[in-house]
Every structure is written in structure tokens, then in C-alpha cells.
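Notes follow once the structure below has been shown.
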Amino acid sequence: MSTELLILIGALALLDMFSPSIIGVTVYILLVAKKQQVRLLLTYLMTVTLFYFCTGIFLMLGLDIILVPITNLLNSYSARLLMTIVGGLLFVGSWLVPKKKMKGAPKPRSLRMGAMVALGLTTSILEVATALPYFATIGILTSNHLAFYEWLPNNNGL
């Protein structure tokens, strides 16, 4: 792998680190969790890391074979009509929901390991569509036709 390619991938990785939702949840956990702060935060961040790692591996190995039929299905007229109707109903429904007055920041119901894993998965699923630097990096690696041992983490240059 060339030096220019490594610099480009490093710059994209730095840009992708500034994810507003992941930074926001991290700060929230730091402010709210009084006990086991490090354990909860590491559980959340490791869940997000594992999700993105698996997503990258699946995309590099050709998950697009599965995604192409799904994309074709969603581009059909009936799917677009259904999405438009559901979107319109949700928009109208948003005006009908009564507003509740809240005092202060919302408090989590539980700060357990399972809740942090669920929060990490939810954050990752909702944000994966906006991870453009991450997808650009995967596209660069794929378009350069690198062998799998060049894009997988390795030990001692093996």
C-alpha cells in the first residue's frame, strides 16, 4: 500500500472520528454515570467499534451482492409510494402528539452493560448512513483491488 493511500485513509479516519452523536452520547455517559463510568463508557464505545468493524468487513467482502436486490426493491414505484404515505402519516402525527414539559435533562432508566450495548447498537444503526468518510475509505480500499491481507489488521507484518 502506498504512502499517499495511507495518508488519505488516515485523514478520512480523523474526519470520521468527529461523529456528533457518538461524541454526544459519550459526554452524556460521562456526565450522568457516577458509578462504573469507565466500564459503561468502554462497553458503549466497544459496541460501536465492533459494529463499524463488522460493517466494513462485510462491505469489503461483497455485501453489495445482497444490497443490490434490496436497493432495486426500494427503488420501485410501490415502495416509494408506501414510504411517502408512511412519511406523511408520521409528519401529521407529529403535530398531534401532546407535548410534555420536562424539568432538566432526561435521566436514563438504567445504566447497565446491556443498556450500553443496546445504546451502542442503536447509535451505530442510526448513524451508519451518515458515515461518509468511512464509506469513502472502504471505496478507496475496494477500488485499489487490495488483497485481504493488505486491508486486515496484521501482526508483525505477516
Which one of the conditions (1) open to solvent by 80 Å² or more (accessible area, probe 1.4 Å); (2) under 30 Å from residue 116 (Cα atoms); (3) not β-branched (Val, Ile, Thr) does residue 60 fail to meet, given that it meets all the rest? (1)
Just for helices (runs of 4 or more DSSP H) wholly inside region 1-91: which have at least 1 residues that are within 16 Å of the chain's Cα centre (by Cα) and of a type in the set (Ser, Thr, Tyr)? 20-32, 37-60
Can we say residue 15 is among the hydrophobic types (A, V, I, L, M, F, W, C), open to solvent by less than 70 Å² (accessible area, probe 1.4 Å) and touching a residue at least 12 places away in the same chain (Cβ under 8 Å)? no
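Yes/no per residue for (1) modelled with pLDDT under 75; (2) β-branched (Val, Ile, Thr); (3) more than 17 Å from the chain's Cα centre (by Cα):
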residue	(1), (2), (3)
99	no, no, yes
102	yes, no, yes
108	yes, no, yes
114	no, no, yes
117	no, yes, no
122	no, yes, no
146	yes, no, yes
155	yes, no, yes
Output the residues belonging to region 23-38 that are under 14 Å from residue 111 (Cβ atoms) and loosely packed, with under 13 Cβ neighbours inside 10 Å. 30, 31, 34, 35, 38
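The values are calculated or read from the model by the stated rules, or taken from the named source; none is laboratory data. Note that this is a predicted model, so its numbers are computed, not measured. A quick note on method: Cβ atoms are made from the backbone with ideal geometry, for glycine too, and the neighbour counts reach across all protein chains shown. Side chains included, ligands, DNA and RNA excluded: accessible areas come from the protein's heavy atoms. Shrake-Rupley method; radii C 1.70, N 1.55, O 1.52, S 1.80 Å.
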